[in-house]
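Taking it in order: structure first as structure tokens, then the write-up.
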Amino acid sequence: MVQSSVLGFPRIGVLRDLKKANEAYWGGKLSQAELLAEGKRLRLAHWKIQKDAGVDIIPSNDFAHYDHVLDHIQLFNAVPERYTSQKLDPIDEYFAMGRGHQKGGVDVPALEMVKWFDSNYHYVKPTLQDNQTFSLAKDPKPVREFLEAKEAGIVTRPVLVGPVSFLALGKADRGSSVNPITLLDKLVPVYVELLKALKAAGAESVQIDEPVLVFDLAPEIKNAFKPAYEAISALGSAGPEVVVATYFGDIVHNFDILPAFANVKGIHVDLVRNPEQLEPVLKQLGPTQILSAGVVDGRNIWKNNFAKSIELLQTAVKTLGADRVIVATSSSLLHTPHTLASEKKLPAEVYEWFSFAVEKVKEVAILAKAVVDPESVKAELEANAATVKARSESARTNDPKVKERQASVTPEMHNRKSPFDARYSQQKTHLKLPLFPTTTIGSFPQTQEIRVQRNKFTKGEISAEAYDDFIKKEIDLAISIQDELDLDVYVHGEPERNDMVQYFGERLTGYVFTTHAWVQSYGSRCVRPPIIVGDISRPAPMTVKESKYAASVSKKPMKGMLTGPVTCLRWSFPRNDVHQSVQCQQLALALRDEVIDLEKNGIFVIQVDEPALREGLPLRKGSERDAYLQWAVDSFKLATAGVEDSTQIHSHFCYSEFQDFFHAIAALDADVLSIENSKSDAKLLKVFIDESYPRHIGPGVYDIHSPRVPAEEEFKQRIQEMLQFLRPDQLWINPDCGLKTRQWDEVKGALTHMVNAAKYFREQY
Ligand code: GLN
Ligand code: ZN
């Protein structure tokens with residue numbers, strides 16, 4: 001028979017229960033015992049969902065109170081001394097690493113947290129020392145949770161992050177210079193000990209995740225797999241069977257590593273992302289090895305296309321036989337919302353198209369039956385085929401007008417009328433900006449009052465006119481403050497925006513929104529991305545009313561503010577039936593119309609934010625990455641190039657590591673870039689001189705994530721440093737990012753100092 005398996009289940013619960021429990025615990029409103037009990041309740045509930053759905057192989061140790069990589073840091077006693085020396089309870093030490101700890105005389109910052117592959121989940125980086133040692137924690141979590149499930153009558157397959165990935169995803173602590181992978185021989189014995197303990201507890205098999213296998217790997221990382229997995233396989237029947245899991249890419253380019261896994265039970269591959277790797281992978285498997293075929297998407301919200309999955313599974317079964325094939329989710333379901341059942345407001349038609357974690361688990365179980373005995377799940381297969389067909393034929397997914405418009409896009413539409421120099425000379429006379437112009441990134445404080453009014457409006461408690469009046473007053477306030485501050489390019493402050501993507505999605509066709517579809521971003525932070533379901537178009541202007549009003553009451557140039565096409569795409573759940581480049585171009589065309597409308601209405605500085613441009617970069621160098629950069633850059637240019645030379649296009653990025661990305665940024669041809677730079681070394685700006693970057697740049701001069709108001713002198717120093725790398729006529733003066741999370745008094749204080757510093761330099765030149 002073909003078995004079904006799930007690689008991991010979301011942790012947060014139906015109603016963000018885990019977030020609420022963690023935050024209540026941090027706020028002193030929940031005891032430690034209550035917090036741990038809530039964790040246990042969630043684990044049991046999630047195991048039961050999978051068991052009831054008929055899943056054969058159910059994961060354990062996929063739960064984490066904060067992050068699963070952080071769990072492993074504690075599991076291997078690899079906690080830096082600055083935390084252990086605080087002698088906190090294990091759970092408090094754990095949270096201290098995840099989010100910092102500032103209580104009872106203890107003050108330690110968090111460990112570094114970064115994006116998990118190309119997802120929007122963030123993991124805590126293993127942070128290792130020159131004299132690093134590892135040992136197995138007392139009462140190891142994977143064993144404890146395996147026994148907890150067993151006691152509830154569910155035999156699970158524990159999930160571990162593999163030794164090579166754990167080290168390869170880690171880094172040397174500050175003050176250390178260790179190359180993490182050189183610690184392998186110290187770490188592997190701890191895995192061996194853990195695997196023995198799991199076997200002794202009754203675990204017959206484990207899933208060991210080695211997702212780094214989808215990267216281009218340095219030889220030292222490649223070479224680490226052999227010793228690690230030989231030691232693990234040498235356990236034989238003293239340890240559980242091992243399935244090595246990879247996801248978010250293909251492993252074909254790393255086939256030379258596969259001999260390292262000659263003696264493990266099986267390999268899991270992601271066949272949603274890379275179905276074409278199936279045939280080559282089948283050829284690589286040993287005579288008794290099994291294939292775990294990831295056919296149910298762990299990264300998206302779409303109902304599985306059973307016919308397509310069954311085709312892949314049958315290919316595997318034909319080669320290996322049913323007993324050597326496992327049907328699985330492509331990755332952990334961590335990246336999907338909990339259950340579709342919570343969504344009461346979706347259009348009925350669209351509701352049928354989705355599958356969240358609870359529903360995907362059922363799909364896995366159905367598919368396992370369908371490959372060997374389709375008759376037993378005939379009704380399910382028919383229903384699935386009917387929805388797949390309905391979706392592909394729906395008027396929502398296909399808008400001929402959008403397709404026509406896309407077909408009429410010409411290469412010229414991606415280019416401004418003139419090169420930068422010619423544009424700039426017109427902008428200079430038109431906008432009359434001083435040297436070192438000052439501006440902000442868009443948003444001003446989203447006060448409690450703004451949230452209250454928006455809520456009332458959403459609930460229908462106040463009229464559209466009353467809400468509009470309120471927004472106008474907020475804009476008036478933002479403008480009078482900018483008058484006082486004497487900034488050079490104004491913004492309206494974005495008081496009307498709930499979120500930088502959702503706001504636009506709500507004004508475009510092709511989007512739908514959920515009420516409960518939260519996914520974990522990091523720790524207790526969850527996001528609820530809008531969903532792109534169909535062809536995108538703009539029925540009416542989206543931001544003109546607010547920008548036009550703001551311009552009418554201000555005496556300086558008003559900057560219009562839009563979220564770029566790539567960011568709108570990346571921070572939504574995209575469609576899986578058309579290529580992302582197509583969706584991005586549709587967004588670009590909608591934004592192009594908006595940009596032109598802003599210009600028609602007297603807005604001659606327009607900023608198109610693309611903070612997500614970099615995170616979309618494919619994981620491996622080469623053709624896929626080049627193709628992404630091509631369409632991502634083209635989309636930005638298509639959105640922005642429709643204006644006159646005298647109109648100035650700005651773009652904004654929340655990072656400054658442009659070294660390997662510089663050419664893409666330069667290719668955007670934006671007149672002005674603002675980038676986050678206050679916490680980075682100004683040396684990162686060197687690339688702009690080295691590459692003779694001609695256009696203008698505003699590297700953030702202060703950190704907006706902190707309530708701190710830097711002194712004028714600090715601003716001057718920062719600007720002085722920047723002037724080592726940028727020409728005076730090239731430099732704009734602005735904060736790192738939008739100011740929506742700050743208080744007004746902090747904003748006024750910091751911007752007063754910022755403007756004074758700019759004026760000081762203006763006098764020097
Ligand atoms: N214009 C947006 C703002 O100021 C930019 C936000 C962002 O870069 N994440 O809020
Ligand atoms: Zn930003």
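None of the figures in this text is laboratory data; all of them are computed from the coordinates on show. Just so we're clear, the structure is a prediction, and the values are computed from it rather than from any experiment. When we count neighbours, we look across all protein chains shown, and the Cβ atoms used for this are built from the backbone with ideal geometry, even at glycine.
Annotations for the structure displayed:
- The trypsin sites (Lys or Arg not before Pro) of the range 1-77 that DSSP puts in a loop, and whose beta carbon has at most 14 other beta carbons within 10 Å, are 29.
- Within a straight-line Cα-Cα reach of under 18 Å, residue 740 can be paired with the following lysines, leaving aside sequence neighbours fewer than 8 residues apart in one chain: 472, 473, 559, 748.
- With neighbours defined as other Cβ atoms within 10 Å of a residue's Cβ, the residues 450, 596, 733 order from fewest to most as 596, 450, 733.
- Legend: distances between Cα atoms for 48/115; 125/265; 369/389; 345/555; 103/716; pairs beyond 32 Å are 345/555; 103/716.
- Projecting the Cα atoms of 91, 30, 63 onto the dipole axis of the range 1-142, where Lys and Arg carry +1 and Asp and Glu carry -1 at the beta carbon, places 30 farthest toward the positive end.
- Cα centroids of the range 23-92 and the range 675-738: 41 Å apart.
- Alpha-carbon radius of gyration plus Dmax, which is the widest Cα pair, for the range 391-462 in Å: 22.4, 56
- Cβ-placed point charges (K, R +1; D, E -1), dipole of the range 384-466 about Cα centre in debye, nearest 20: 100 debye
- Spin-label zone in the range 134-156 - amide nitrogen under 17 Å from a point set 7 Å from the Cα of residue 32 along the C-beta vector: 138-141
- Phi to ³J(HN,Hα) by Karplus 6.51 cos²θ - 1.76 cosθ + 1.60 over the range 753-765, Hz, x for Gly, Pro: 5, 5, 5, 4, 5, 4, 5, 4, 6, 4, 6, 6, 10
- Separation between Cα centres of the range 564-617 and the range 448-505, rounded to whole Å: 22 Å
- Amide H partners (placed H, <5 Å) of residue 209, local residues excluded: 160, 161, 162, 245
- Phi angles of the range 459-474 translate, via the Karplus equation with coefficients 6.51, -1.76, 1.60 and θ = phi - 60°, into HN-Hα couplings of 7, x, 7, 10, 6, 4, 5, 5, 5, 4, 4, 4, 4, 4, 5, 5 Hz per residue; Gly and Pro are given as x.
- Listed values for the range 318-328 are Karplus-derived 3J(HN,Hα) couplings in whole Hz (6.51 cos²θ - 1.76 cosθ + 1.60, θ = phi - 60°), namely 4, 7, 9, x, 4, 5, 9, 10, 10, 8, 9, and x replaces Gly and Pro.
- Of the GluC sites (Glu not before Pro) found in the range 28-130, those that fall in a DSSP loop while having at most 15 other beta-carbon atoms within 10 Å are 112.
- A Cβ-based charge dipole, computed about the Cα centre of the range 629-680 with Lys and Arg at +1 and Asp and Glu at -1, lands at about 140 debye.
- As an equivalent ellipsoid, the range 120-269 spans semi-axes of 24, 19, 15 angstrom, where each value is the square root of five times an eigenvalue of the C-alpha gyration tensor, largest first.
- Which of 579, 564, 537, positive extreme of dipole for the range 528-622 (C-beta unit charges): 564
- Restricting the calculation to Cα atoms, the chain shows an Rg/Rh of 0.97 when the hydrodynamic-style radius is the Kirkwood one.
- In units of the rule-of-thumb radius 2.2 N^0.38 Å, the range 500-627 shows an alpha carbon radius of gyration of 1.16.
- Taking the range 633-648 and a reference point 7 angstrom along Cα→Cβ of residue 422, the backbone N atoms nearer than 12 Å belong to 645-646.
- Between the range 232-299 and the range 341-371, the alpha-carbon center distance in angstrom: 27 Å
- Built amide H within the under 5 Å cut-off of residue 563, gap 5+: 609
- Going from the fewest other Cβ atoms within 10 Å to the most, the residues 297, 671 appear in the order 671, 297.
- 5 angstrom amide H check on residue 171, placed H, neighbours 5+ away: 127, 128
- For residue 51, the aspartates and glutamates whose Cα comes closer than 18 Å to its Cα, not counting residues fewer than 8 places off in the same chain, are 62, 145, 148, 151, 204, 359, 363.
- Loop trypsin sites (Lys or Arg not before Pro), the range 316-350, which have at most 14 other Cβ atoms in a 10 Å radius of their Cβ (DSSP): 344, 345
- Estimated dipole of the chain in Debye, rounded to 20 [Cβ of Lys and Arg +1, of Asp and Glu -1, Cα centre]: 700 debye
- The residue list 377, 302, 639 was ranked by how far each Cα lies along the charge dipole of the chain toward its positive end, using unit charges on Cβ atoms, and 377 comes out on top.
- Shape of the range 599-730, Cα gyration tensor, a/c cut at 1.5: oblate
- Global dimensions of the range 557-596 from alpha-carbon coordinates: Rg and Dmax equal 11.6, 42 Å.
- Each of 65, 430 has some number of other Cβ atoms within 10 Å of its Cβ, and from fewest to most they run 430, 65.
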